[in-house]
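Scroll down for the structure; my scribbles are underneath it.
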Amino acid sequence: MNQTIETLLNHRSIRKFKDEPLTDEQISYIVQSAQLASTSSFIQAYTILGIKNPETKAKLAQLAGNQPYVEKNGHFFIFCADLHRHTIASGMEGKQINAALETTEKFMVAAIDASLAAQNAAIAAESMKLGICYIGGIRNDIEKVSELLQLPDYVVPLFGMAVGVPDTSTDQKPRLPMGNVYFEETYPSDKEVEKGLSIYNNIISDYYNKRTGGERSDTWTEQMTRMLSKAGRKEMKDFIQKKGFLKT
């Protein structure tokens with residue numbers, strides 16, 4: 001095992017940071033690492049916004065569901081799917097490319113590019129002994145977040161990432177066993193999937209039971225079914241289409 005794999009296997013979400021801003025050098029390394037992630041057809045369809053202003057952080061924390069670590073961290077990054085710069089590029093060439101940008105495929109490309117860049121950023125940060133926490137909550141009120149950040153058409157804020165010096169050490173939540181997510185050649189039968197989930201349920205129930213001193217012992221399937229029993233963020237499709245995506 002090498003140091004990179006050790007860093008990856010030690011990952012956990014950090015939700016409490018010391019009051020220490022990231023240095024310009026740390027920010028630069030994180031962003032440069034993000035930029036060297038793989039990108040579909042060299043399109044580089046993302047933008048990373050760094051948020052330092054305490055007032056902006058406070059507003060984002062509120063919009064994200066009053067999550068304090070969105071406001072209190074060393075630096076807050078927001079990863080956006082971005083094809084706006086490509087409209088500028090096409091204008092420089094005297095061409096129209098909107099028909100391509102408005103496809104579902106190109107939105108997927110932008111979302112995937114941004115996600116790959118973000119994970120490179122996360123690994124870079126953790127390699128410097130910093131902690132990170134992804135923040136999907138910025139999509140709770142995505143319209144207001146977009147207005148706050150002054151995002152033009154073809155730019156969608158996908159998620160945030162709080163980064164900083166960890167102030168607490170947290171337990172690592174057990175992931176699905178490898179045998180539940182890695183299969184060779186074909187997808188497994190439903191019976192095999194159910195068997196694996198039953199094993200994982202016992203692992204997660206035991207984890208919660210020990211962590212909470214017996215106050216919680218729900219299983220993963222219970223947790224997922226409860227969460228997915230209600231459809232959330234129903235406005236997302238309309239917002240993304242308003243930004244110019246998913247037209248075809």
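Things to note:
- As a calculated quantity, the FRET efficiency between Met1 and Tyr182 at R0 = 25 Å, using C-beta atoms, amounts to about 0.85.
- Peptides 134-141, 159-166, 232-239 ordered by average Cβ neighbours within 10 Å, highest first: 159-166, 134-141, 232-239
- As a proxy for reagent exposure, ranking Thr87, Thr47, Thr248 by other Cβ atoms within 10 Å from fewest up yields Thr248, Thr87, Thr47.
- Note on Lys210 and Ala58: the model spin-label points, each 7 Å out from Cα along the C-beta direction, lie 4.1 nm apart.
- Taking amide H as placed 1.01 Å from N in the peptide plane, the amide H of Lys16 sits under 5 Å from that of Asp167, Thr168, each at least 5 places away or on another chain.
- In terms of surrounding Cβ atoms within a 10 Å radius of their Cβ, Ser28, Ser127 rank from fewest to most as Ser28, Ser127.
- The distance separating the Cα centre of the range 1-73 from that of the range 167-223 comes to 27 Å.
- Whole-Hz couplings from phi, Karplus 6.51/-1.76/1.60, listed for the range 123-133; x for Gly and Pro: 5, 4, 4, 5, 5, 9, 6, 8, x, 9, 8
- Each pair of Cα atoms in the range 179-221 enters the Kirkwood radius, and Stokes-Einstein at 37 °C and 0.692 mPa s then converts it into a translational diffusion coefficient of 287 µm²/s.
- Remark: Asp24, Asp82 ranked as Asp24, Asp82, counting other beta-carbon atoms within 10 Å and listing the fewest first.
- Cβ crowding within 10 Å averaged over residues, with 30-39, 191-200 ranked highest first: 30-39, 191-200
- Bridging of Lys173 to lysines at a Cα separation below 17 Å is possible for Lys16, Lys210, once same-chain residues fewer than 8 apart are set aside.
- On the principal axes of its alpha carbon atoms, the range 119-248 extends 47, 41, 35 Å, with the longest extent given first.
- Relative pair counts by distance (%), Cα atoms of the chain, 10 Å bins: 7, 24, 32, 27, 9, 1, 0
- Computed over the chain, the per-residue total of -39500 (n - 2.57) for DSSP H runs of n ≥ 4 gives a 222 nm mean residue ellipticity of -14000 deg cm²/dmol, rounded to 500.
- Relative contact order, percent, the chain [alpha-carbon distance under 8 Å, six or more residues apart]: 26 percent
- Packing-based ranking, highest mean first, of 143-155, 167-179 given that Cβ atoms within 10 Å are counted: 143-155, 167-179
Bear in mind these aren't lab numbers, they're just calculated from the coordinates by the rules spelled out. All of these numbers come straight from a predicted model, not from anything done at the bench. No Cβ is skipped: glycine too gets one built from the backbone with ideal geometry, and neighbour counts run over all protein chains shown.
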